[in-house]
Amino acid sequence: MTTDTIQMVSDVINEMLLAKEIDEALADYLDPVESSQTKTPVFFMLPKVHKTPKSGTFIGRPVTSHCGAPLNRISEFLDHYLLPEVQKAPTYLKDTSDTIRKIEKLILTSNIILASIDIVSMFTSVPQREALEVALDALEGVDPLSFDPPMPSLKYMEKLLTLVLFRNAFEFNGQYFLQTSGTPMGLRSSVSLSCLVANKLVQKILHMDEHVISFHVYMDDSLLMWSGSQEQLEIFVSKINDLHPSLKFTHVASENEIQFLDLTIYKGVRFLSSNILDIKCFTKPTETWGYLDRSSCHNPSVFKGFIKGELIRLIRNSSDKKSFEDRKSIFIEKLLSRGYNLKEINAASKEVNFESRQAYLTEKPVRSNKIPWYSNLNISLRSVGNILSMPF
């Protein structure tokens with residue numbers, strides 16, 4: 001099947017080239033024949049050690065490695081146009097910093113309930129046909145010229161999406177399989193395709209109950225602020241589980257605190273004084289604190305940079321200075337156990353301070369909608385600028 005898929009992808013790319021939907025350089029990059037992307041994907045499982053039951057049997061996360069496979073680059077190409085549509089959703093959460101910024105804008109009542117709502121096995125539960133239809137609907141209103149390169153016509157976007165969704169064949173234990181349910185694991189566009197379907201569902205959820213004060217989504221994890229009772233929340237979750245035949249929800253709720261991403265969101269001192277939720281770092285019990293060992297032969301700037309970067313993360317994730325200082329003490333303790341010394345830790349620490357927290361939380365400018373430039377030439381990066389600026 002891989003051989004057939006290679007030819008099918010190559011045919012579509014050549015058709016797009018002849019129709020002047022893409023240029024020759026992009027066609028060479030996307031065409032699996034020209035770019036030697038001809039390997040059969042390999043399926044494997046990553047154990048979820050933090051979810052191991054008492055029986056000792058590991059729960060696995062399914063992954064398919066598409067490195068060098070024929071669908072890899074067209075999936076990357078599709079995601080270039082799909083991801084901005086995911087980010088347009090009002091409930092979208094980009095990362096932890098974005099979550100914190102949105103939380104700290106909310107002024108809530110004292111009886112609010114905090115809940116984390118998860119979609120069960122979202123990526124493998126999304127119907128493939130629905131993912132195709134929702135993606136095409138999202139792209140229909142897009143201005144093709146707002147991207148670089150411009151987005152191809154929907155006719156060709158549909159052909160590429162069909163290949164990515166319905167041709168995900170892979171090898172496992174000497175046998176070959178075709179994925180028939182869910183978005184293709186291991187391909188970059190899988191997340192965007194799943195999130196577009198989930199976002200459509202979330203828009204219905206937002207208006208289902210007046211007790212929904214805030215609802216934000218990070219992939220398959222959602223953060224809900226609920227003004228009703230625990231019993232009403234149970235009924236609400238039961239109702240949203242009837243909205244879709246294959247996407248189902250589980251939830252955890254508390255009147256005091258909830259874990260979401262790498263945060264513990266809780267009602268602390270700040271909440272008591274101004275009704276804004278407090279935030280501190282959350283670490284899973286399975287954390288091994290495997291920081292880069294100091295005996296590693298890295299450039300000294302690498303050690304300094306990662307210490308500084310981790311301290312900035314701890315500051316961002318702490319709404320009060322005491323929470324930060326507590327986590328900083330643990331961080332230093334773990335660094336010392338990995339061979340670092342206090343002198344270099346203190347030197348890196350001097351460049352960050354808790355008073356600059358708002359600056360660390362400031363959203364960075366959005367990147368340009370351009371596909372990165374690639375080269376197979378073995379040249380020094382320092383010479384690239386000179387090469388690209390040479391007159392022709």
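The values are calculated or read from the model by the stated rules, or taken from the named source; none is laboratory data. This is a predicted model, so every value here is computed, not measured. Cβ atoms come from the backbone with ideal geometry, glycine included; neighbour counts cover every protein chain shown. All accessible areas refer to the heavy atoms of the entire protein, side chains included, with ligands and DNA or RNA removed. Shrake-Rupley method; radii C 1.70, N 1.55, O 1.52, S 1.80 Å.
Out of (1) within 17 Å of Ile330 (Cβ to Cβ); (2) not in a loop (DSSP other than H, G, I, E, B), the odd one out for Gly305 is which?
Every listed condition holds for Gly305 apart from (1).
Looking at segment 253-293, what strands (runs of 3 or more DSSP E) fall wholly within it and have at least 1 residues that are closer than 26 Å to Asn341 by Cα?
Numbers: elements: 257-260, 263-266, 278-281.
In segment 253-293, 278-281 are the strands (runs of 3 or more DSSP E) which contain 1 or more residues that are closer than 26 Å to Asn341 by Cα.
Any chance segment 145-158 includes a residue that's of a type in the set (Asp, Glu) and more than 23 Å from Ile6 (Cβ to Cβ)? If you could, list the steps in order and put the result at the bottom.
First, the residues of segment 145-158 that are of a type in the set (Asp, Glu): 148, 158.
Okay, now just the ones that are also more than 23 Å from Ile6 (Cβ to Cβ), so 148.
Among the residues of segment 145-158, at least one is of a type in the set (Asp, Glu) and more than 23 Å from Ile6 (Cβ to Cβ), which makes the answer yes.
Residues Lys159, Lys155: which one is more than 23 Å from the chain's Cα centre (by Cα), basic (Lys, Arg) and surrounded by fewer than 17 Cβ atoms within 10 Å (Cβ to Cβ)? Give the derivation first.
Values: Lys159 fails: surrounded by fewer than 17 Cβ atoms within 10 Å (Cβ to Cβ).
On inspection, the qualifying residue turns out to be Lys155.
So is Leu261 out of contact with any Leu (no Cβ under 6 Å at 6 or more places or on another chain), modelled with pLDDT of 90 or more and more than 24 Å from Ile113 (Cα to Cα) or not? Even if it seems obvious, please write down each step before you answer.
Working: out of contact with any Leu (no Cβ under 6 Å at 6 or more places or on another chain): yes; modelled with pLDDT of 90 or more: yes; more than 24 Å from Ile113 (Cα to Cα): no.
No; evaluated as a whole, the condition is false for this residue.
For segment 317-345, what are the residues that are of a type in the set (Lys, Arg) and either farther than 21 Å from Ile279 by Cβ or open to solvent by less than 70 Å² (accessible area, probe 1.4 Å) (or both)?
So in segment 317-345, the residues of a type in the set (Lys, Arg) come out as 321-322, 327-328, 334, 338, 343.
Of everything in segment 317-345, those that are of a type in the set (Lys, Arg) and either farther than 21 Å from Ile279 by Cβ or open to solvent by less than 70 Å² (accessible area, probe 1.4 Å) (or both) turn out to be Arg327, Lys328, Lys334, Arg338, Lys343.
How about segment 268-299: which of its residues are without any contact (Cβ under 8 Å) to a residue 12 or more places away in the chain and open to solvent by 50 Å² or more (accessible area, probe 1.4 Å)?
Leu272, Ser273, Glu287, Thr288, Gly290, Cys297, His298, Asn299
Considering every residue within segment 229-248, establish whether at least one is in contact (Cβ under 8 Å) with a residue 60 or more places away in the chain, surrounded by 18 or more Cβ atoms within 10 Å (Cβ to Cβ) and not aliphatic (A, V, I, L, M).
No, there is no match, as no residue in segment 229-248 is in contact (Cβ under 8 Å) with a residue 60 or more places away in the chain, surrounded by 18 or more Cβ atoms within 10 Å (Cβ to Cβ) and not aliphatic (A, V, I, L, M).
Please work out if Ser75 is in contact with a Ser or Thr (Cβ under 8 Å, 6 or more places away or on another chain) and either assigned to a helix (DSSP H, G or I) or open to solvent by 30 Å² or more (accessible area, probe 1.4 Å) (or both).
Yes: the conditions hold for Ser75.
Select from segment 2-45 the residues that are among the small types (Gly, Ala, Ser), open to solvent by 20 Å² or more (accessible area, probe 1.4 Å), at pLDDT 95 or above and touching a helix residue (DSSP H, G or I) at 6+ places or on another chain (Cβ under 7 Å) and list them in ascending order.
Scanning segment 2-45 gives no hits.
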